[in-house]
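Have a look at the structure below, then the notes.
The values are calculated or read from the model by the stated rules, or taken from the named source; none is laboratory data. Values in this document were obtained by computation on a predicted structure and should not be read as measured data. All Cβ positions, glycine included, derive from the backbone under ideal geometry; neighbour counts span all protein chains shown. Please note that ligands, DNA and RNA were not included when accessible areas were found on the heavy atoms of the full protein model with its side chains. Shrake-Rupley method; radii C 1.70, N 1.55, O 1.52, S 1.80 Å.
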Amino acid sequence: MTPRVLVTEKAKNTIDTLRKRFGTDLMFHQSGGCCDGSSPMCFEKGDFKVGGSDIWLGKIHDCDFFMSKDQFEYWKHTQLTVDITPGRGSSFSIEIPMGIRFMIHSRLFTDEEFQDLSPVKEAEEAIQSE
Amino acid sequence: MTTTTLSQSKPVDRPEIKEQYEHFIGGEWVAPSSGEYFENISPIDGKPFSKAARGNKEDIDKAIEAAHKAFPSWSKTSAANRSKLLNKIADIIEENQEHLARVETIDNGKALRETRAADLPLVIDHFRYFASVIRADESSISEHDEHTVSIALHEPLGVVGQIIPWNFPLLMATWKIAPALAAGCCTVVKPAEQTPTSIMVLMELIADVLPPGVLNVVTGFGPEAGKPLATSPRLAKVSFTGETTTGRLIMQYASENLVPVTMELGGKSPNIFMKSVADADDEFFDKAVEGAVMFALNQGEICTCPSRILVHEDIYDVFMEKVIERTNAIKLGHPLAEDTMMGAQASNDQYEKVLSYLKIGKDEGAELLCGGEKADLNSGLENGYYIRPTIFKGHNKMRIFQEEIFGPVVCVTTFKSTEEALEIANDTMYGLGAGLWSRDAHELYQVPRAIQAGRVWVNCYNTYPAHAPFGGYKKSGFGRENHLMMLDHYRQTKNMLISYDKNKMGFF
């Protein structure tokens, strides 16, 4: 099965650093819209309340990755890779004070991959099944 | 692909900017409680040019406390006096317009041409607009019957929190500060971490105008300073401009405190060019071409960036030929050079994100009509964040047609009928801005009414005068800035229901 979201080694290291610093599990929610939009937001797990309008795309380095369902409709044909880049961001994403920002690289799934993608779940279902 | 058109002028002198700025709390400059500062990097050359205080919860709480101290007297200050002070702020900004325009260009990276002609003049006018409307503002009274009178009076909400984006640092701050102060609220402002300097330069100029604590500015990072502001139970309201996830998070915090919010959350604005646009090769056709190229205004970093061109298929060739030509003529260069038309993206992460969308567009099979890559500028700009204005042709289901890239990137597609144009225009999560260009009197009214967006520019685009309400439909947020109706987003209604009847009701 082809995963919908991947994570680079650099981003994994950042996730490890943040987990240690905050002493808690983390989560991601993909943002849309202006300014710092269309970027993955990293929060302490549970700080951002997902609900019926969200979908769970999988886990990256043991963190749930969510997106709003209407946005997913336009994104579902692409594989996402969470990476980091130097920068400031401007949101409540917790890596920002480190002078780096999580960002997304996207790649189109091949027709073959598209037939065998990892399943998505309702966000609430994904949380409960843990 | 054609080459980049370059600016020919020498940059104007850099304004003097202090090495670092503290918070502005209670009418005083206050060092951050952590003692820490962070570097502010100019997008022009990727180099730090000043430092900003790294605010945290303690600083935010201090600012909220100062605002609460100021509120009892500020809320009772006469409209005449509040108006006078707002006008004084406008006058000071006008006197220092050129200086502030240059600082804004260094902080944000946008061309001086724009900070001079748009950002600063709009800031000045916005303060004057809100100074004026509160002089003419009235509450309402109604007589229910001969003994009963209802008075609906405005009262300011209290102390509010305002979180400002980086795309128009001074103007977006003004959009929030001016109506809040006009309404009688006190405010704690958190500027974006990419652009924390220009507002502090402004605060130095106007520090003595307002009573201490009425206007407080705390710089810092979102998770460290923005979050304590958004979660504070001592605020009567939170106002935010930004993206959807943070918007939801702020509403979530506001729901815990049961306080109202206003949100402006971006868009993916359609700019529709009807067939009649090309009926003549005249001034109006020329204006429409410019209207299509408005995607490059402010490097595309505008929530209403007209990032989708919808053009009637019969005029596609004649129209787009001109649009491409005009886009390729956009002069890139040092943002402080007077002939530079487009500057740098506001930050490195923004720059990287735009580049990632250029890749997605190509991968998705969109046809590249011009640009499509970073602009390699030299002469000290090698490490700045410059991208060539880009036009893709594709279809509305592509990600580049659906996501706010917030860069100088526009996607064009064609339509055959008005119905199809509307279907494409409304096929988006957002509903902030839209454009409609036509010579047909019926279309000029009917098409804008059918577009699900809060602002439809008709035969113009990206103008932002005060006195025209601006805000979103759908996932673009709510609240209407730029207009006196914003006052009511910062006020309560106190209803006094009065009986002038001496006789009892007769129940008990």
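Okay, here's what the table says:
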quantity: Cα gyration tensor shape of segment B:192-238, rounded if a/c is under 1.5, else prolate or oblate by comparing a/b with b/c; calculated: oblate
quantity: DSSP bridge orientation in the protein assembly as shown - percent antiparallel, rounded to nearest 5; calculated: 55 percent
quantity: Proximal lysine pairs, segment A:5-128, alpha carbons under 20 Å, eight or more residues apart or interchain; calculated: 18
quantity: Three semi-axes of the equivalent ellipsoid, chain B, Cα gyration tensor, whole Å, largest first; calculated: 40, 30, 20
quantity: From phi via Karplus (6.51, -1.76, 1.60), per-residue ³J(HN,Hα) for segment B:480-494 in Hz, x at Gly/Pro; calculated: 10, 8, 6, 9, 4, 5, 5, 3, 6, 7, 10, 9, 9, 10, 9
quantity: Segment A:5-128: antiparallel DSSP beta bridges as a percent of all, rounded to 5; calculated: 75 percent
quantity: DSSP bridge pairs, segment B:10-100: antiparallel proportion in percent, nearest 5; calculated: 80 percent
quantity: Amide H contacts of B:Thr241 (H built 1.01 Å from N, under 5 Å, at least 5 apart or other chain); calculated: B:Ile163, B:Glu264
quantity: Alpha-carbon spread of segment B:270-458, three principal axes, descending order, Å; calculated: 52, 34, 29
quantity: Folded to 0 to 90 degrees: helix A:9-22 orientation relative to chain A principal axis, Cα; calculated: 50 degrees
quantity: Sparsely packed trypsin sites (Lys or Arg not before Pro) within segment B:405-453, loop by DSSP, other Cβ within 10 Å at most 14; calculated: B:Lys416
quantity: Anisotropy class of the protein assembly as shown from Cα gyration tensor, a/c 1.5 cut; calculated: rounded
quantity: Cα-Cα separations in segment A:37-76 greater than 14 Å, expressed as whole percent; calculated: 49 percent
quantity: Listed residue (B:Ala441, B:Val311, B:Pro408) projecting farthest to the positive dipole end of segment B:270-458, Cβ model; calculated: B:Pro408
quantity: Descending semi-axes in whole angstrom, ellipsoid equivalent of segment B:225-277, from the Cα gyration tensor; calculated: 34, 10, 8
quantity: Kyte-Doolittle mean at least -1.0 and Cα axial length at least 18 Å: DSSP H helices in chain B; calculated: B:57-74, B:79-95, B:120-136, B:169-183, B:244-257
quantity: Radius of gyration and Dmax over the Cα atoms of segment A:5-128, both given in Å; calculated: 13.9, 41
quantity: Simple Cβ-charge dipole of segment A:6-106, Lys/Arg +1 and Asp/Glu -1, about Cα centre, in debye nearest 20; calculated: 180 debye
quantity: Spatially proximal lysines relative to B:Lys287 (Cα-Cα < 21 Å; intrachain offsets below 8 disregarded); calculated: B:Lys275, B:Lys322, B:Lys331
quantity: Residues with amide H under 5 Å from that of B:Glu373, placed H, sequence gap 5 or more; calculated: B:Arg388
quantity: Options B:Gly333, B:Leu297, B:Gly431, ranked by Cα towards positive dipole end of segment B:270-458, top entry (Cβ charges); calculated: B:Gly431
quantity: Charge context of B:Thr327, other residues only, Cβ under 12 angstrom, K/R +1, D/E -1; calculated: +1
quantity: Cut-off under 5 Å, modelled amide H: who pairs with B:Leu153 long-range; calculated: B:Lys494, B:Asn495, B:Met496
quantity: Percent of alpha-carbon pairs separated by more than 19 Å within segment B:204-313; calculated: 64 percent
quantity: Relative frequency of Cα-Cα separations exceeding 17 Å in segment B:106-160, percent; calculated: 66 percent
quantity: Dipole magnitude (debye, nearest 20) for chain B, charges at Cβ of Lys, Arg, Asp, Glu; calculated: 1100 debye
quantity: Rounded to the nearest 10 Å², the accessible area of B:Tyr500 at probe 1.4 Å; calculated: 140 Å²
quantity: For peptides B:7-14, B:261-268, B:338-345, sequence by mean Cβ density within 10 Å, most packed first; calculated: B:261-268, B:338-345, B:7-14
quantity: Accessible heavy-atom area order of B:Leu85, B:Leu112, highest first, probe of 1.4 Å; calculated: B:Leu85, B:Leu112
quantity: Cα-only radius of gyration and Dmax that characterise segment B:22-155, units Å; calculated: 20.8, 72
quantity: Computed magnitude of the charge dipole of segment B:270-458 (debye, nearest 20; Cβ of K, R +1, Cβ of D, E -1); calculated: 400 debye
quantity: Cβ-based charge dipole, segment B:1-93, positive-most Cα from B:Thr3, B:Gly27, B:Ser42; calculated: B:Gly27
quantity: Candidate aspartates and glutamates for bridging to B:Lys397, where Cα separation is under 16 Å - those fewer than 8 sequence places away on the same chain excluded; calculated: A:Asp70, A:Glu73, B:Asp363, B:Glu364, B:Glu367, B:Glu420, B:Glu423, B:Asp427
quantity: Hits among lysines - C-alpha to C-alpha of B:Lys18 under 16 Å, sequence gap 8 or more where chains match; calculated: B:Lys47, B:Lys51
quantity: Structure-based [θ]222 nm, chain B - -39500 (n - 2.57) summed over DSSP H runs of at least 4, per residue, nearest 500; calculated: -10500 deg cm²/dmol
